[in-house]
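Below: one structure, written as structure tokens.
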Amino acid sequence: MTHLETPTTVNGLSIPDQHEVTYGRGFGALAKRMGILCVELSPERAVAVMPVEGNTQPIGLLHGGAYCVLGESLGSMAANVHAGPGRFAVGIDINATHTGSAVSGWVTGECTAVHLGGSMTVHEIVITDEAGKRCSTVRITNLIRTAK
């Protein structure tokens, strides 16, 4: 599988049209390069999948930075949906704890809002392998700004 092919299902999740599910924004060039596909997106909950292939360390494990990219993509996009028209969210803090290692297939990131405020959001992202085993827990804080 290359990142150019879009599967219809991954880890039991249906993959929707990426333009529609991201409100026409997409997930950005880096997420696209890494093969991240959005499954659902709201301020309270966001879900995406990412292939292990092409995102590994030299020893074959999913790169720790790849977990962070998936987590930041989900948390930042959820925060931007929460920010609403005329405002945008920018990440100001990210933390990841890796407790497992994916070596093949796809991982799933499930993002849940911890705090949705007027100027700041906090989201927790749990990333699991195909068997449902937790591999990483990411927490991101976003600052909400007004567009100039």
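The values are calculated or read from the model by the stated rules, or taken from the named source; none is laboratory data. Please read these numbers as outputs of a predicted model, since none were measured by experiment. Note: ideal-geometry Cβ built from the backbone for every residue, glycine included; neighbour counts use all protein chains shown. Keep in mind that these areas ignore ligands, DNA and RNA; they rest on the heavy atoms of the full protein, side chains included. Shrake-Rupley method; radii C 1.70, N 1.55, O 1.52, S 1.80 Å.
Picking from Thr112, Thr137, Thr121, Thr108, which residue would you name as being of a type in the set (Ser, Thr, Tyr), part of a strand (DSSP E or B) and more than 23 Å from Gly35 (Cα to Cα)?
Values: Thr112 fails: more than 23 Å from Gly35 (Cα to Cα); Thr137 fails: more than 23 Å from Gly35 (Cα to Cα); Thr108 fails: more than 23 Å from Gly35 (Cα to Cα).
Within the list Thr112, Thr137, Thr121, Thr108, the selection yields Thr121.
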Some residue of the range 102-110 being touching a His at 6+ places or on another chain (Cβ under 8 Å) and over 25 Å from Gly24 (Cα atoms): no
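Residues being under 18 Å from Val138 (Cβ atoms) and either out of contact with any helix residue (DSSP H, G or I) (no Cβ under 6 Å at 6 or more places or on another chain) or not hydrophobic (A, V, I, L, M, F, W, C) (or both): count how many of those fall in the range 12-29. Show your work before the answer.
Filtering the range 12-29 down to residues under 18 Å from Val138 (Cβ atoms) leaves 27-28.
Checking the rest, the ones that are also either out of contact with any helix residue (DSSP H, G or I) (no Cβ under 6 Å at 6 or more places or on another chain) or not hydrophobic (A, V, I, L, M, F, W, C) (or both) come to 28.
Adding up the residues that qualify gives 1.
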Condition first: open to solvent by 10 Å² or more (accessible area, probe 1.4 Å), among the hydrophobic types (A, V, I, L, M, F, W, C) and either closer than 18 Å to Val21 by Cβ or not in a strand (DSSP E or B) (or both). Can you find one or more residues in the range 69-77 that meet it? yes
In the range 92-105, residues that are exposed (fewer than 15 other Cβ atoms within 10 Å of the Cβ) and outside any loop (DSSP other than H, G, I, E, B) total 4
Taking the range 78-91 and keeping only residues that are open to solvent by 70 Å² or more (accessible area, probe 1.4 Å) and either closer than 22 Å to Val39 by Cα or free of Cβ contacts under 8 Å to residues at least 24 places away in the same chain (or both), one is left with Pro85, Phe88
Being open to solvent by 30 Å² or more (accessible area, probe 1.4 Å), of a type outside the set (Phe, Trp, Tyr) and in a strand (DSSP E or B) is true for just one of Glu5, Glu53, Glu40. Which residue is that? Glu40
Criterion first (assigned to a strand (DSSP E or B) and closer than 18 Å to Ala48 by Cα) does Glu130 satisfy it? no
Just for the range 34-69: of the residues that are of a type in the set (Val, Ile, Thr) and more than 8 Å from the chain's Cα centre (by Cα), which one is farthest from Arg87 (Cα to Cα)? Ile59
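Hey, does the range 110-122 have a residue that's among the charged types (D, E, K, R) and at pLDDT below 95?
Checking the range 110-122: not a single residue is among the charged types (D, E, K, R) and at pLDDT below 95.
Condition test on Gly132, is it surrounded by fewer than 15 Cβ atoms within 10 Å (Cβ to Cβ) and on the phi < 0 side of the Ramachandran plot?
no
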